[in-house]
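The values are calculated or read from the model by the stated rules, or taken from the named source; none is laboratory data. This is a predicted model, so every value here is computed, not measured. Don't worry about glycine lacking a Cβ; one is built from the backbone with ideal geometry, like all the others, and counts go over all protein chains shown.
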Amino acid sequence: MRLSDFLRTDAEQILLAWDEFAATIAHDGQPMDQKALRDHAAQILTTIADDLDAPQSAAQQIAKSRGEGIRDRTTGDTAAETHADTRMVAGFGIDAMLTEYRALRASVLRMWATSRDRQADAEDLQQLTRFNEAIDQAIAESVARYTEQVDRSTNLFMGMLGHDIRNPLGTIRLATELLVRSGQVSAGAAQPVVNAAKRIQSIVELIIDFSRAQSSGVMPISVGAGELSSIFENVINETRVRHPSTPIVLQGRELDTHGQWDEGRMGQLLSNLLENAILYGARGTPVTVALAAEADHVSFSVHNLGKVIPGHDCERLFEPHRRGEGAEERRSLHGMGLGLYICREIVRSHHGTLAVRSTEGEGTTFFGSLPRQQPAAAERTPIPR
């Protein structure tokens, strides 16, 4: 029996095996609608069977490998895309969905081999090759749709988070300021409330930045002409107000540091590096920010004295949720371990590099290098991690 005919005549047995396997996969969602699942699972098998019987050119083979499958005339979706939608709603992880496809492939081939009473010929081998191509195509379509839905859900959540938390935080800060101005609350009594609101705001911003960088692969930026020294000087002045007991020195402000920068992101970058240097540096010792200018690049460094960062920690310090040794004791007061990760993503989005060196004699220094000009959108290539 041809493989395409087997998929049609033995569809019920194949689907039963698929159902039994799916029931063994642990997931956090709700019980699935088995009838709906059966409908589009059967459609996947029918689509594959029809594909095996249809002539296929080399161009069609390449198109299918790109996930350009047959689409439903009503919904515009392929059966595999519908399957991905259903699995996501049901609470399946993408790894569980891929496991399903592997099980389907293995079940079909095992059952087909058992049903045969002769050796495979050239036509059978061709159908076997086409079947594997069709399964791979279904996997590509399902993964693409699943990823698209995850990105869409993430963006929706980030929008809701930013809007629904920023607004009440703004109200809290405004109301606190009004209470202080009216004399109903002293400035000293109101300061903890203002600080807490600012802290929550910074956490929200970190979560949003982290999610955007994770979902899109690179942090979105909006660049314009500007002087990096001016941006850094403003951030340093703001940081001095927050940390009056820590001397902060800026070197190289007289240099030509013009270029194309996202001013907000550059300010966020230096602010995070300064907060990190002040938090983990030796108390009372200065933090030094140095600028250097080259023809095509502008470099910067942030240096502090204090406990040395071990070499193995230097290599992983920019990973999300990572901290150096001895940092956990300050974790409850100083965030989620995303600050340096965000710094690296900001530099990457500007096509630059960021590294750290820490020694007993020299202290800890973060080094960054940024090209003055950013490539046009049409000229951009993927930024390596």
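Summary table
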quantity: Selection status of THR129, β-branched (Val, Ile, Thr), modelled with pLDDT under 85 and either on the phi < 0 side of the Ramachandran plot or in a loop (DSSP other than H, G, I, E, B) (or both); calculated: no
quantity: Residue that is surrounded by the most Cβ atoms within 10 Å (Cβ to Cβ) [pool: residues in segment 110-128 that are under 15 Å from ASP53 (Cβ atoms) and in contact (Cβ under 8 Å) with a residue 12 or more places away in the chain]; calculated: GLN127
quantity: Exclusive hit being touching a His at 6+ places or on another chain (Cβ under 8 Å), more than 26 Å from LEU305 (Cβ to Cβ) and at pLDDT 90 or above, set GLY226, GLY183; calculated: GLY226
quantity: Inter-residue pairs, beta-carbon under 8 Å, first in a loop (DSSP other than H, G, I, E, B) and in segment 357-372, second among the charged types (D, E, K, R), 6+ apart; calculated: ARG372/ASP296
quantity: Members of segment 83-106 found to be in a loop (DSSP other than H, G, I, E, B) and either free of Cβ contacts under 8 Å to residues at least 24 places away in the same chain or loosely packed, with under 15 Cβ neighbours inside 10 Å (or both), listed by number; calculated: GLY91
quantity: The listed residue being assigned to a helix (DSSP H, G or I) and assigned by TED's automatic domain parsing to the domain that holds ALA79, out of THR176, THR147; calculated: THR147
quantity: Filter result for PHE318 (hydrophobic (A, V, I, L, M, F, W, C) and modelled with pLDDT of 90 or more); calculated: no
